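Below is one structure, written out as structure tokens; the observations come after it.
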Amino acid sequence: MSQAQEDEAYVLHSRPWRETSLLLEVITANHGRLGLVARGARRGKGQAGVLQAFHFLQLRWSPRGELHTLIGAEEIEPLRLPASILPAALYLNELLLNLLARHDECGPVYSIYHHALRRLQAAAALEPVLRDFELDLLDALGFGLTLDKECLDGAAVDPGLWYLYQPRQGLIKIPETVENAMLGHICLAIAARDWSDSATRRAAKRLLRRVLDVHLGQRALRTRELLRGLARMQQRKDRASVEDHGSEASSPQ
């Protein structure tokens, strides 16, 4: 019998398996992504309450082929995300499920994910967290973006010129704007992770979606629609706040 193994982990996805068990997809600190069977977890005294997404866990399992058998799970510390943040956190999970294969070495991906959840728990602004995670994930998987140099000759990006990023090639200088083109100063801001300007945030979102879609292939991400709905809600709240401030400013004192 294989020796039991143990590691820190997060559950990325769970679903019922047979009558009383759960089939888990987890990401671990030192063993990459794993598939685990939690036998009896759905019984009255099972572990289903602990084996939930975004719980920071210490897991023990017995290695057995493609699917290992879970033999212990303890919560290391509570990690409770605000309900408004859940679509963003689910998006992180869906990316990992689609871009990581079971048992693959995934280097620093666990730490990148752990850090992103901590930022979301602190109710940090969503877009910087998501863009940083996407960029860090691409770097860790060997698909990192170079946005401060041209891919053809290595020339430094000129802030005032137009560039187009080709996902399988790199950044190319172009004579005039076309669809998905970016000015050099936007490229440099994304490279520097400077999210202070809304134009940079919008360009980074479009760029990273294009790049990720290349690696996702035909696999659509359901959480993107949740995030679009969240963005629309935030826009309505922002407009309402601006209108409220405008009416206050015009009211007699």
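Before moving on, here are some points about what is shown:
- The overall shape of segment 5-77 is oblate: from the C-alpha gyration tensor, with semi-axes ordered a ≥ b ≥ c, the ratio a/c is 1.5 or greater and a/b is no larger than b/c.
- Taking the longest Cα principal axis of the chain as reference, the axis of helix 198-216 is set at about 50 degrees.
- The helix-based estimate of mean residue ellipticity at 222 nm for the chain, built from -39,500 (n - 2.57) per DSSP H run of four or more residues and divided by its residue count, is -12500 deg cm²/dmol to the nearest 500.
- Sequence of Ile85, Ile27 once ranked by neighbouring C-beta atoms within 10 Å, starting from the fewest: Ile85, Ile27
- Each label point was placed 7 Å from the Cα along the Cα-to-Cβ direction; for Asp148 and Ala83 their separation is 4.3 nm.
- Here the chain is treated with +1 on each Lys and Arg Cβ and -1 on each Asp and Glu Cβ, and its dipole about the Cα centre works out to around 1040 debye.
- Considering only Met182, His115, Tyr10, the residue lying farthest towards the positive end of the dipole of the chain is Tyr10, judged by Cα position with unit charges set on Cβ.
- Whole-number percent relative contact order across segment 83-238, with pairs defined as alpha carbons under 8 Å at least 6 apart: 23
- Shape analysis of segment 83-238 based on the Cα gyration tensor places the equivalent ellipsoid semi-axes at 26, 20, 14 Å, largest first.
- Neighbour counts of C-beta atoms inside 10 Å place Asp7, Asp213 in the sequence Asp213, Asp7, starting with the fewest.
- Rounded to the nearest 10 degrees, the inclination of helix 109-121 to the longest alpha-carbon principal axis of the chain is 70 degrees.
- In terms of its C-alpha gyration tensor, segment 103-167 comes out oblate, because a/c is 1.5 or above while a/b does not outweigh b/c.
- Three-way shape label, segment 1-159, alpha-carbon gyration tensor, a/c 1.5: prolate
Readers should treat all values here as calculations from the given coordinates under stated rules, not as data from a laboratory. These numbers come from a predicted model, not from an experiment. Every residue, glycine among them, receives a Cβ derived from its backbone with ideal geometry; neighbour counts consider all protein chains shown.
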